[in-house]
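Working notes, beginning with the structure itself.
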Amino acid sequence: MNTTTASSTTEVLRTYATDSFNTASEEFVKDLQALSEESLGKSWSGTRTAYDVAYELGVLNRWLASWCREENPGPWPWEFGKEWLRAPAEFQNREAVIKHFQEAGQELLDSAGSDMERVVHVAEKSRPIYQLILGATKHIFYHDAQLNFIQELTGDMAVHW
């Protein structure tokens, strides 16, 4: 592979990863905006609230940003699989949780830089940065589906993006 082909492939990968992440983020925010404050804060049969999942996305994206900068983010802030993050009181309003989510997403993209194939140490493994960005994208879409389900539970069948 010549240098031109390699650099264009790297650019295609960077564009794909960042565009996918940005699309997921924009759709998630639109779905947050479509929910009422009551629906955002409601626990459906003991589930986490929309505030909780939006807060979690921001926290995890900041963790990924640390790894992209090759920093150690410290110990995991919850016992994964046994407990889940809950949004602190200051993030239990639409504007604050959207700002938290968007700022964390921008921090992740800024930390990723332009070389998406650069390999970084993540916990016990090494991964190229594009895998972190695409994993974050998948995580956003996963939680956006939960927001869509909340919309349906409240009778809102519209697509908001």
Using θ = phi - 60° and Karplus 6.51 cos²θ - 1.76 cosθ + 1.60, couplings along segment 146-156 (whole Hz; Gly, Pro as x): 5, 4, 4, 5, 4, 4, 4, 4, 9, x, 8
GNM result for the chain, Cα springs below 10 Å: residue of S111, S36, S20 fluctuating most strongly: S36
Among F101, F149, F21, residue whose mean-square fluctuation peaks in a GNM of the chain (springs only between Cα atoms under 10 Å): F149
Length gained when the stretch W76-R118 is fully extended (0.36 nm per residue, less Cα-Cα span): 12.8 nm
Karplus-derived 3J(HN,Hα), 6.51/-1.76/1.60, for each residue of segment 132-142, Hz, glycine and proline x: 5, 5, 5, x, 5, 4, 4, 5, 5, 4, 4
Loop-located GluC sites (Glu not before Pro) in segment 35-84, at most 13 other Cβ atoms within 10 Å (DSSP): E70, E71, E79, E83
0 to 90° range, to nearest 10: angle between helix 50-68 axis and the chain longest Cα axis: 20 degrees
0 to 90° range, to nearest 10: angle between helix 3-34 axis and the chain longest Cα axis: 10 degrees
Projected label distance in nm at E26 and E152, using a 7 Å step from Cα toward the beta-carbon: 2.5 nm
Read-out semi-axes √(5λ) of the Cα gyration tensor in Å, derived from the coordinates shown; its label in [x] 31, 19, 12; [y] 25, 18, 14; [z] 31, 16, 15: [x]
For V122, residues with placed amide H under 5 Å, excluding near neighbours: R127
Phi-based couplings in Hz for segment 81-88 (Karplus 6.51, -1.76, 1.60; Gly and Pro marked x): x, 10, 8, 9, 4, 10, 5, x
The chain: angle of helix 94-112 to the longest principal axis, Cα-based, in degrees nearest 10: 10 degrees
For F149, net neighbour charge (Lys/Arg +1, Asp/Glu -1) across residues whose Cβ lies under 14 Å away: -2
Gaussian network model of the chain, springs between alpha carbon atoms under 10 Å - residue of A112, A123, A89 with greatest fluctuation: A89
Neighbour net charge for Q106 - beta-carbon separation under 13 angstrom, K R +1, D E -1: -2
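Read the figures in this text as sums done on the coordinates, not as results from a lab. Computed from a predicted model, the values in this text were never measured in an experiment. Cβ atoms come from the backbone with ideal geometry, glycine included; neighbour counts cover every protein chain shown.
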